[in-house]
Amino acid sequence: MLIRNSSFDLERQNREVESRIVVALERISEAFRVLLWKESKVNTLSPIQIQILIFLRFHSREKSRISYLAKEFNMTKATVSESVKGLLMKSLVKKQPDVSDTRSYTLSLTEAGEQTASNVSAFSSFIEQPISQLDPAQKDAMLGGLLKLIHDLNRMGIITVQRMCYTCAYYRSDNGSHYCRLLQAALFDRDIRLDCPEHQAVTDPPPPAQILR
Ligand code: SF4
C-alpha cells in the first residue's frame, strides 16, 4: 500500500521544510478565502460569483464562456451556469450571442458589473501589501518557487487552465535562460508571466505571425 506523508503531522512538519512550506501555502489560501468571503458579504454575492466578475473584468471575450470558466475554476458547467444566472438577474453581466454559433454566447460585464468587479478585485491588495515589503531577492525566490510549483501541479492535472510562459508555444528555454518568440525578447526569471493575454497553448493551432513591438 502506498504510504502518503502528511504535512499536517506536526512531528514531520517541524522536521521537514517542505511540509512547513505546504502548511504556509494553506494559511495563505485561507487568507484568500477569508477576504473573498468578506467581499461576498458586502456585495451579497457568492465567492465564485466574485471570482467570475474579476475574471471577466481582466480577460478577453473568447475566454468569457461558461465552458472556459468551468475549467478555470475547476467546476462543473452546471455550477458555473447557476452562478452566472444570479449575476444576470442582478444585471452585473450580459450575454452576447456568438456570431459563429447561434447556440453559444460569451459573457461581458454591464456598467454596474464593471464597477463591482473593479471594487472587489482590490481585495488582493491586503496580500500584495506585505509582499511589497520583501527585498527584491526574496520576491524573486518566492516567484520562481511558486511558478515551478504551479507548473508541476498543472502537469499533474491538479490545476487545469494555465496561461503561463512554461506552457506557451512561444516560449523557449535554453540552459536555464528563457525566451519569448512573440515578444522576440529574452525573459529574466522575474519576467515569466503567470497569466499572459498572448499565451498560446502548445496544443492550440499554430499562432498567426504577430509581433507585439
Ligand atoms: S507570449 Fe506570453 S506566455 Fe507566451 S512566452 Fe511570451 S510572454 Fe510568455
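Bear in mind that the values in this text are calculations on the coordinates, not laboratory data. If you're wondering where the values come from, they're calculated on a predicted model, not measured in any experiment. Note: ideal-geometry Cβ built from the backbone for every residue, glycine included; neighbour counts use all protein chains shown.
Residues whose amide H comes within less than 5 Å of that of residue 200, counting only those at least five positions distant or on another chain, are 169, 170 (H built at 1.01 Å from N in the peptide plane).
By per-residue mean of other Cβ atoms within 10 Å, what is the highest-first order of 164-170, 144-150, 45-51?
Working: 164-170: 18.7, 144-150: 13.7, 45-51: 20.3.
Descending mean neighbour count gives 45-51, 164-170, 144-150.
Result for the chain in a Gaussian network model with C-alpha springs under 10 Å: among 70, 117, 24, the largest mean-square fluctuation is at 24. Here's how it looks for residue 98: its modeled amide H is under 5 Å from those of 104, 105, 106, which are all 5 or more places away or on a different chain.
To the nearest µm²/s, what D does Stokes-Einstein give for segment 32-124 at 20 °C and 1.002 mPa s, using the Kirkwood radius over alpha carbon pairs as Rh?
On the way: Rh = 13.3 Å.
My calculation gives 162 µm²/s for D.
Among the listed pairs 38/85; 90/148; 90/139; 38/90, those whose Cα-Cα separation exceeds 28 Å are 90/148; 90/139.
Compare the Cα positions of 81, 131, 159 along the charge dipole of segment 65-173 (+1 at Cβ of Lys, Arg; -1 at Cβ of Asp, Glu; about the Cα centre) and return the one farthest towards the positive end. Sorting the options by dipole projection puts first 81.
Rounded to the nearest 20, the size of the Cβ-charge dipole of the chain about its Cα centre is 520 debye, with Lys and Arg at +1 and Asp and Glu at -1.
For residue 94, the aspartates and glutamates whose Cα comes closer than 13 Å to its Cα, not counting residues fewer than 8 places off in the same chain, are 111, 114. The gain in end-to-end length when the residue 119 to residue 38 segment is fully stretched comes to 27.9 nm, 0.36 nm per residue minus the alpha carbon separation.
For the chain, the alpha carbon positions stretch 55, 46, 45 Å along the principal axes, listed from largest to smallest.
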